[in-house]
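Peer 1: My questions all concern the structure below.
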Amino acid sequence: MYILADFIESLGNLDSLFDLEEQVILHLRKSFQLVVAEYLRQLDETLVPSIPAENTFINRQARTIEFMFGAVNFERRCYLRPNGSYYFPLDEQLQLEERKRISPYFKSVVAKIGQTTTMRNTAAMINLASQTDISAWSVDRIIRDMADTVKTEEKSSEEKLVKKRKVENLVVEGDAFEIHKINRRRQDVHHYIVFESYYKISEMTVFTASDGGPGYNPKSMREIVPSAQRVEFTIDRYHFVKKIKQTFGLFNPLVDKAVKSVSLYDQNQLNVILDTFESQIKTDKELESLRVLRQYLARNWQFIKSPHDRGFMRVGKLGSVESSHRAYTYRMKKQGKVWSEKGLEAMLKLIEARVNGKLDKYLRGGLRKLQELTIEIATESLKTLSSAQLSNKHHSKHIGVLSGKIPVDAPTSSPIGAMAKIFSN
């Protein structure tokens, strides 16, 4: 092939393994761009017999699609319907959106990377890997489009009839974290974790867990599962210990004793420790902090008792909701990040799908339109096409090679001989 001949000739001018790899990638991209362009041209031709007789052929118009392996330029037929509207059979067959240049797979890659870093960094990474020139603004638009795709696929999945299972116990944890929005506004993002799926809760005990804060008290959590046979509210001991450390101070020797009393569910011992700490207080601020802690402990002490201590031997682990915030907060907080309403919703939807292990499924369902097509095309011609034919160019012979051919008897010490040896194996 012509591109292969160009590549082989370039080997004599390479200075390093870095240059070699760069040239390999460059020529592979060129080759596949030409092959895909020819594939699309042939596919367009196969659609001609199915065009209604009343439609009028106008001309062939160019279009460009950005794939991960580079931009593909191709022409497809344009027709005029009796009602005066223009259409492109190939665009309809491939379900290509009007005025959209990014391929479905390319969009899915952007959606996956965009959940881990900023839009600007995502654009930089994509451009480095694909040799394209996508902008941060384009990344943001793709993220929102993909979030809509995930939302549609998620709804479709939920509407399918699913056989509900009955499990011995169900655990539901809830907590919230704060996100900064545009115009210095703030918004709480509520995050729940369920350790089973598709269940019949009317015949089971449901454990709800949170830190007991506003909106996450026993009554609020009970409203999440109103049809459950029985609901047991619990507060993970992590939150108790956290509040004790915040009040006592990290280096106070009483902290370890207080934590131990919480672990042993010994309220009397904990009260003795609180009294001891009160005797050490020197400021009104510290006294107020202790008062708030006492109220919190008194109000929630009954809920700190573990499910095991309540007689439930087989219950899922508690306390993971706090650490699982990381999947969201790492991307959405810090470094002065602020969000618009639509941008916030889109990013949350994509991260949620990823955390639930459904992102690939939803993106494939919404984007892999070629799976639904019946395509008959002479693929044998693609196997034998030279890139000279594809580009419709006449070329001259290159020094050291015959045009489009690799001599198998060249010295193996030469670049072309080494290449010939590879292809003959």
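The values are calculated or read from the model by the stated rules, or taken from the named source; none is laboratory data. Small disclaimer: the values here were computed from a predicted structure and weren't measured. Cβ: placed from backbone, ideal geometry, glycine included. Neighbour counts: every protein chain shown. Keep in mind that these areas ignore ligands, DNA and RNA; they rest on the heavy atoms of the full protein, side chains included. Shrake-Rupley method; radii C 1.70, N 1.55, O 1.52, S 1.80 Å.
Peer 1: Once you have the Cα-Cα distance between L26 and V292, take 0.36 nm times their residue separation minus that, and quote the gain in nm to one decimal.
Peer 2: Contour length minus the Cα-Cα distance gives 89.2 nm.
Peer 1: For E97, what accessible area in Å² do you get when you roll a 1.4 Å probe over the heavy atoms of the protein chains, rounding to the nearest 10?
Peer 2: Solvent-accessible area, nearest 10 Å²: 100 Å².
Peer 1: OK, next. What distance in nm separates the two pseudo spin-label positions at D266 and Y87, each 7 Å out from Cα along the beta-carbon direction?
Peer 2: If labels sit at D266 and Y87, their model points lie 8.0 nm apart.
Peer 1: 7 Å from Cα along Cα→Cβ at both S340 and E203: what's the point-to-point distance in nm?
Peer 2: 5.0 nm
Peer 1: Using modelled backbone amide H atoms (1.01 Å from N, in-plane), which distant-in-sequence or interchain residues come within less than 5 Å of I102's amide H?
Peer 2: E66
Peer 1: Just order 79-87, 143-151, 174-182 by mean Cβ neighbour count inside 10 Å, highest at the front, would you?
Peer 2: The peptides rank, most packed first, as 143-151, 174-182, 79-87.
Peer 1: Continuing with the same structure: So what J values fall out for region 211-225 if you push phi through Karplus, 6.51 cos²θ - 1.76 cosθ + 1.60 with θ = phi - 60°, rounded to Hz, Gly and Pro as x?
Peer 2: 8, x, x, x, x, 10, 7, x, 5, 5, 5, 5, 6, 5, 10
Peer 1: Rounded to whole Hz and in sequence order, give me ³J(HN,Hα) for region 84-93 from the Karplus expression 6.51 cos²θ - 1.76 cosθ + 1.60, θ = phi - 60°, writing x for Gly and Pro.
Peer 2: Going residue by residue, I get x, 8, 9, 7, 10, x, 5, 4, 5, 5 Hz, with x marking Gly and Pro.
Peer 1: I've got another one for you. Nearest 0.05, what FRET efficiency do N55 and T117 give at R0 = 56 Å with Cβ-Cβ as r?
Peer 2: Efficiency, rounded to the nearest 0.05: 0.75.
Peer 1: Given a Förster radius of 41 Å and the C-beta distance between Q246 and D133 as r, what FRET efficiency does 1/(1 + (r/R0)^6) yield to the nearest 0.05?
Peer 2: My answer for the efficiency is 0.25.
Peer 1: Here is a further query. If amide hydrogens are placed 1.01 Å from N in the peptide plane, which non-local residues have theirs closer than 5 Å to the one on G70?
Peer 2: Excluding prolines and chain starts, which carry no amide H, there are no hits.
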